[in-house]
Amino acid sequence: MKDHLIIFDTTMRDGEQSPGASMTKEEKLRIARLLEKMRVDVIEAGFPAASNGDFEAVRAVAEIIKDSTVCGLSRANDKDIARAAEAIQPAKSGRIHTFIATSPIHMEKKLRMTPDQVLTDAVNAVRFARKFTDDVEFSPEDAGRSDVDFLCRVLEAVIKEGARTVNIPDTVGYTLPEQFGALIRTLRERIPNSDKAVWSVHCHNDLGLAVANSLAAVMNGARQVECTINGLGERAGNSSLEEIVMAVRTRRDVFPCDTRIDATQIVPASKLVSGITGFPVQPNKAIVGANAFAHEAGIHQDGVLKSRETYEIMRAEDVGWNANKLVLGKHSGRTAFKARLKELGIEVESDQAINAAFTRFKDLADKKHEIFDEDIHALMSGEAVAALSEHWKLVDMAQASGTAERPHARVVLAEGGAERRAESQGDGPVDATFKAIESVANSGAELMLYSVNAVTQGTESQGEVTVRLQKAGRIVNGVGADTDIVVASAKAYLSALNKLHSKVERINPQL
Ligand code: KIV
Ligand code: ZN
């Protein structure tokens, strides 16, 4: 019998700390439902003390999720912990995750606390959290750069106080696999009560080593890995869930443990998270990149045709690549559309919202014969953003470009009840369109990122565009999809403007 490796997903907490990746409650609910379907053990749904919005989102996730533990993050103080406890209270199984930094640089420069004060706060935090639930996790932030003797003191004390999980974060992605594995082994060997807690790891990817470090820790006794879909997260991101799960599964000959994950949900989850956050997946990304299973070289193709194991160590269908069934077409009715939304875990609350979504579906089906699950997700992520706040609406647009003429765009936008028109030239049709929109919106926002991805295959595929805007220190990502990529670009730009307009603020828990 192999040990169970607990998969702790923090896409909705650490992942959400990526620039512009903040999610609405509805978006978090959709991701949570898919993570539950994927059989993730623990879902860290947010940081309840960070904002009322995040509190509501964690509580809503706690209300609906039954087969995964729902976790809320808190700093090591009573106020944060009480807020996290309140947010996870409806959960069938709820966890409080509390943290405080233990590295010399964080204690001295950030917290301005002595090691003894940090130790006291850590112990008090766990004691207080245990008043609300037995399932308490403690993290010594920046453990990768902390003094090992001090870590031993803190961790022994919090385990004594009742922390059931001790999580070792490499917060700045500084450690190397051999070193990080040895750290986990040392802590487990030196701390007298180490067998009373589950050892967990949380690695960041600044040196591209998050997955390697996490796996080295697993080899040395860690039995929980904290990770995110697509490796989303602060700076260079976290360990990617799909890589951890598939490494352990594919190399079951070397790992002493396995997960309970339904891997066929991996690709759908990757697409959902990418669509909601506006973080495209690079084509050569392991497991979930569009090219991850594509064989280009003739010698490889020949080998795979003769026997797929010659060049394939995993099967694309096992991670959900072929799960994108042909679902609906232009003759599909409202009932079939509603049923498919339900199967995809997309809840649309009002009849009015269903009607609007169905109209958009029909428009798409007119342009594109085959509608896949990815198309529906793309269609509905626009819907979710629209529900948040649609200050600006696209009424009409046209543009002209050619080799011999300067690109020119014309847009008609609705702001409140009023129609606003504008025209502009630009370096290309997208540039001209953005300039035309800006001449009406006057947002003053800075364009930080523009990227286009094909949602499915073929030239009739929808283009999915991400636009990242920054204004007064706030960063938002807008996503738009359409079979015409200039229209998709305009939708993405307006979606980002609407997010800026909605003033949904978030606080970064690590500040
Ligand atoms: O990276 C980190 O240290 C964290 C902690 C809050 C676990 O995200
Ligand atoms: Zn982190």
**Fill in**
In the stretch 304-321, anything part of a helix (DSSP H, G or I) and at pLDDT 90 or above is listed as ALA316, GLU317, ASP318, VAL319
**Complete:** Per the list (1) more than 17 Å from ARG13 (Cβ to Cβ); (2) more than 13 Å from ligand 2 (Cβ to nearest atom); (3) polar (S, T, N, Q); (4) assigned to a helix (DSSP H, G or I), residue check on ASN213 breaks on (2)
**Message:** When you check ILE287 against the structure, is it of a type in the set (A, V, I, L, M, F, W, C), at positive phi and touching a strand residue (DSSP E or B) at 6+ places or on another chain (Cβ under 9 Å), yes or no?
**Reply:** yes
**Item:** Only one of SER350, SER381 that is polar (S, T, N, Q) and either at pLDDT 80 or above or over 22 Å from LYS491 (Cα atoms) (or both)
**Value:** SER350
**Request:** Just give me the residues in the stretch 48-65 being away from ligand 1 (no atom under 16 Å from the Cβ) and free of Cβ contacts under 8 Å to residues at least 60 places away in the same chain, in sequence order.
**Result:** ASN52, PHE55, GLU56, ALA57, ARG59, ALA60, VAL61, ALA62, GLU63, ILE64, ILE65
**Asked** Here are ALA432, ALA414: which of them is within 26 Å of PHE279 (Cα to Cα), in the same structural domain as LYS491 (by TED's automatic domain parsing) and without any contact (Cβ under 8 Å) to a residue 40 or more places away in the chain?
**Response** ALA432
**Message:** Can you go through ALA57, ALA84, ALA76 and tell me which one is over 19 Å from GLY15 (Cβ atoms) and either surrounded by fewer than 18 Cβ atoms within 10 Å (Cβ to Cβ) or touching a strand residue (DSSP E or B) at 6+ places or on another chain (Cβ under 6 Å) (or both)?
**Reply:** ALA76
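Matching residues to (1) aromatic (Phe, Trp, Tyr); (2) within 17 Å of the chain's Cα centre (by Cα):
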{"site": "ARG30", "(1), (2)": "no, yes"}
{"site": "ASP41", "(1), (2)": "no, yes"}
{"site": "PHE47", "(1), (2)": "yes, yes"}
{"site": "ALA57", "(1), (2)": "no, yes"}
{"site": "THR69", "(1), (2)": "no, no"}
{"site": "ASN77", "(1), (2)": "no, no"}
{"site": "ALA85", "(1), (2)": "no, no"}
{"site": "SER93", "(1), (2)": "no, no"}
{"site": "ALA101", "(1), (2)": "no, no"}
**Message:** Could you tell me how many of the residues in the stretch 218-268 are assigned to a loop (DSSP other than H, G, I, E, B), on the phi > 0 side of the Ramachandran plot and within 16 Å of ligand 1 (Cβ to nearest atom)?
**Reply:** 3
**Request:** At least 1 residues that are on the phi < 0 side of the Ramachandran plot and exposed (fewer than 14 other Cβ atoms within 10 Å of the Cβ) in each: list the strands (runs of 3 or more DSSP E) lying fully within the stretch 443-486 that qualify.
**Result:** 446-454
**Message:** If CYS71 satisfies all but one of (1) in contact (Cβ under 8 Å) with a residue 24 or more places away in the chain; (2) more than 15 Å from THR11 (Cβ to Cβ), what's the number of the condition it fails?
**Reply:** (2)
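Residue-wise test of (1) away from ligand 2 (no atom under 16 Å from the Cβ); (2) buried (at least 24 other Cβ atoms within 10 Å of the Cβ); (3) free of Cβ contacts under 8 Å to residues at least 60 places away in the same chain.
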position: ILE6; (1), (2), (3): yes, no, no
position: ARG13; (1), (2), (3): no, yes, no
position: GLY20; (1), (2), (3): yes, no, no
position: MET23; (1), (2), (3): yes, yes, no
position: ARG33; (1), (2), (3): yes, no, no
position: VAL40; (1), (2), (3): yes, yes, no
position: GLY46; (1), (2), (3): no, yes, yes
**Asked** If you scan the stretch 147-166, which residues turn out to be buried (at least 21 other Cβ atoms within 10 Å of the Cβ) and either without any contact (Cβ under 8 Å) to a residue 24 or more places away in the chain or in contact with a Phe, Trp or Tyr (Cβ under 7 Å, 6 or more places away or on another chain) (or both)?
**Response** VAL158, ALA163, VAL166
**Out of SER274, SER200, sole residue that is within 20 Å of LEU29 (Cα to Cα) and either at pLDDT below 95 or not in a helix (DSSP H, G or I) (or both)** = SER274
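The values are calculated or read from the model by the stated rules, or taken from the named source; none is laboratory data. This one's a predicted model, so the numbers in the text were calculated from it and none came from an experiment. All Cβ positions, glycine included, derive from the backbone under ideal geometry; neighbour counts span all protein chains shown.
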